[in-house]
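Here is the structure we will look at.
The values are calculated or read from the model by the stated rules, or taken from the named source; none is laboratory data. Keep in mind that this is a model prediction, so the values were computed, not measured. Quick reminder, even Gly has a Cβ in these numbers, built from the backbone with ideal geometry, and neighbours come from all protein chains shown.
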Amino acid sequence: MKKESRMIKKRDKIHHNILQVASKIISEKGSGGITFEALSLEADVARKTIYNHFENKSVLLDELIYPICDHAKKYLAEKSEEKQVGLDDIWSYCIVLWHDSSLNADLLYQITEKDYPQIHDIKKGFIILFEKLLMRIDGFKTLDSEDISVLADIIYTTYLPFLQSVGGLPSFESTFKAGMNGLVYGVYNQMLKSDKYED
């Protein structure tokens, strides 16, 4: 029994190490840099070992990406039960995604559709999450779905690069929130000036 337990622990450790190395390679070289040969060299395991853990590159990427998808679904479900949502809730969630390295949020920006066709739907899922949150915030409810979608896309494409650039500052969280508020309200105010919102 103990031998079996040690073998499971060893297998889990190798599995986790391969995922960590894959994440590192993607962060440095993008998803195109992931080959089982490169993984084998970086993780210091035989290529056969990698195949024993992951049938192919897509299965490996699934395992890296699905934790963040599950996390987002859970967050949205929790927020759906709350009466009020504000922009600060969105910014706090973005900070959580950035802080929790096990979620691999940064990989969403490094993986291409060529290497992982599902990434398009996953990115769209995050934009929809931001849309649903924005539609529950007073003021933004006046925007039509097209403009809400534009704002959600701006949040998705901006939040991580912005956090990466201000993350070293002592008060980075307040800097991030103030900057994102300025960006979103700036775009929002311009939208309100368009003909479609004039009475």
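Which one is nearest to residue 109 (Cα to Cα) among residues in region 1-43 that are β-branched (Val, Ile, Thr) and modelled with pLDDT of 90 or more?
By that ranking, first place goes to 26.
Residues in region 35-75 that are touching a Phe, Trp or Tyr at 6+ places or on another chain (Cβ under 7 Å), under 26 Å from residue 120 (Cα atoms) and of a type in the set (Lys, Arg): how many?
Within region 35-75, residues that are touching a Phe, Trp or Tyr at 6+ places or on another chain (Cβ under 7 Å), under 26 Å from residue 120 (Cα atoms) and of a type in the set (Lys, Arg) number 0.
Tally time: how many residues in region 47-62 are loosely packed, with under 13 Cβ neighbours inside 10 Å and touching a Ser or Thr at 6+ places or on another chain (Cβ under 6 Å)?
0
Considering every residue within region 46-58, establish whether at least one is farther than 25 Å from residue 157 by Cβ and β-branched (Val, Ile, Thr).
Yes, region 46-58 has at least one match.
Are there any helices (runs of 4 or more DSSP H) wholly within region 91-193 with 2 or more residues that are modelled with pLDDT under 95, at positive phi and surrounded by fewer than 19 Cβ atoms within 10 Å (Cβ to Cβ), and if so which?
Per the criteria, no element qualifies.
If you check residue 65 against the conditions, is it assigned to a loop (DSSP other than H, G, I, E, B), surrounded by 11 or more Cβ atoms within 10 Å (Cβ to Cβ) and at pLDDT below 95?
no
Of the residues 102, 165, 174, which single one is outside the structural domain of residue 21 (by TED's automatic domain parsing), within 13 Å of residue 68 (Cβ to Cβ) and not basic (Lys, Arg)?
Just one listed residue meets the conditions, 102.
Residues checked against (1) free of Cβ contacts under 8 Å to residues at least 24 places away in the same chain; (2) β-branched (Val, Ile, Thr); (3) not assigned by TED's automatic domain parsing to the domain that holds residue 135:
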| site | (1), (2), (3) |
| --- | --- |
| 8 | yes, yes, yes |
| 20 | yes, no, yes |
| 73 | yes, no, no |
| 89 | no, no, no |
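Only residues that are crowded, with 16+ Cβ neighbours inside 10 Å and touching a residue at least 24 places away in the same chain (Cβ under 8 Å): list them for region 31-46, please.
31, 34, 43, 45
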